Amino acid sequence: MKVFINKRIPDNGIQILKEGNLEIIFPENENPSHEEWLENCKKADIILSVGKSKYDKEFFATCPNVKAIALFSVGFDQVDIAEATKRKIPIGNTPDVLSRATSDVAFLLMQMVSRRASYNIDKVKSGNWNEFDALEELGQELYGKTLGVLGLGRIGFEMAEKCKSAFGMNIIYHNRNHNEEAEKELGAKYVSFDELVETSDVISIHANFTPEQSDIFNKSTFEKMKPNLIFVNTARGGFHNEKDLFEALISGQIWGAGLDVTNPEPMQKDSPLLELSNVCVLPHIGSATLEARSGMSKLASENVVAFAKGEKMPTCVNPEVYN
């Protein structure tokens with residue numbers, strides 16, 4: 001079988017594919033155009049997809065030879081899962097292996113925002129160190145505050161565990177289902193979405209994004225939040241409306257924001273959010289560690305090899321295709 005890999009991945013994954021006796025197709029250019037990408041997809045039986053390529057109804061109609069897709073990500077919002085399932089095309093993802101790395105970034109952003117780190121780093125870089133001012137751009141402490149987690153899966157659990165251990169934070173969460181492990185080990189309390197919004201001191205998003213959740217953090221949501229609220233998003237930029245977030249920050253409705261994902265993404269370099277002292281933005285680096293990316297490479301490649309052997313993908317988001 002032919003496997004198309006649209007961007008480079010760690011070597012351990014390539015080795016797994018080679019040991020599986022698969023023919024690997026690489027793009028001629030490091031950043032292929034959409035047309036080049038599509039032509040390669042047409043040649044492939046399986047796609048190991050790195051990045052944001054969209055797999056919708058039109059794609060599947062255009063590339064009928066594609067029999068499976070292994071995503072180099074946990075999220076799968078770029079795939080029309082219903083259409084893939086209808087066509088009996090399994091979609092693999094890479095859960096768990098990046099949970100610690102991504103939660104580390106959420107924890108980092110929370111702290112950077114709480115102490116206005118980006119603003120102060122810029123002061124150092126510009127040489128603009130003023131005389132001591134006891135009231136200039138003060139931060140806030142996190143001890144004993146309430147962390148609200150939207151999507152308390154493995155990444156959210158790791159974030160909550162860090163916050164409880166480091167700062168003694170109280171944990172509340174909103175999920176589709178109760179997380180009994182978190183309730184037992186972290187004393188986490190299940191709450192409604194409205195209660196999460198209204199009572200949290202920090203909100204951290206770790207849910208899988210669906211179109212129905214687009215812009216759920218918008219003007220009316222931010223208006224319900226506490227004025228000391230730190231908003232952290234390391235999941236998908238589509239969860240928040242960036243214009244409304246900016247207005248909430250400059251009006252003092254909320255206290256600060258830490259983003260590893262933006263809406264749109266990448267963020268425009270002249271975004272007014274980047275001018276605010278209470279904002280920290282990172283370029284979607286949640287999984288950017290040697291350990292996490294190697295784990296993602298291994299799991300994505302194992303999904304490919306399993307399918308090629310006629311076996312079920314180890315981590316398939318639409319397992320009903322095997323019924």
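Annotations for the structure displayed:
- Candidate set from segment 197-222 (those that are surrounded by 22 or more Cβ atoms within 10 Å (Cβ to Cβ) and aliphatic (A, V, I, L, M)); member that is nearest to Ser114 (Cα to Cα): Val202
- In the set Phe231, Phe222, Phe209, Phe246, only one residue is under 20 Å from the mean Cα position of the chain (by Cα) and either closer than 23 Å to Gly144 by Cα or part of a helix (DSSP H, G or I) (or both); that residue is Phe231.
- Any hit, segment 253-271, residues being assigned to a helix (DSSP H, G or I) and surrounded by fewer than 21 Cβ atoms within 10 Å (Cβ to Cβ): no
- All positions within segment 187-196 that are surrounded by 14 or more Cβ atoms within 10 Å (Cβ to Cβ), touching a Leu at 6+ places or on another chain (Cβ under 9 Å) and of a type outside the set (Gly, Ala, Ser): Tyr190, Leu196
- Within segment 133-148, one or more residues are in contact with a strand residue (DSSP E or B) (Cβ under 8 Å, 6 or more places away or on another chain), among the hydrophobic types (A, V, I, L, M, F, W, C) and touching a residue at least 40 places away in the same chain (Cβ under 8 Å).
- Filtered residue count, segment 1-45, keeping only those that are over 27 Å from the mean Cα position of the chain (by Cα) and in a loop (DSSP other than H, G, I, E, B): 7
- Candidate set from segment 76-106 (those that are among the basic types (Lys, Arg) and not in a loop (DSSP other than H, G, I, E, B)); member that is nearest to Thr234 (Cα to Cα): Arg100
Throughout, read-outs are computed from the coordinates displayed, never taken from laboratory work. Just so we're clear, the structure is a prediction, and the values are computed from it rather than from any experiment. No Cβ is skipped: glycine too gets one built from the backbone with ideal geometry, and neighbour counts run over all protein chains shown.
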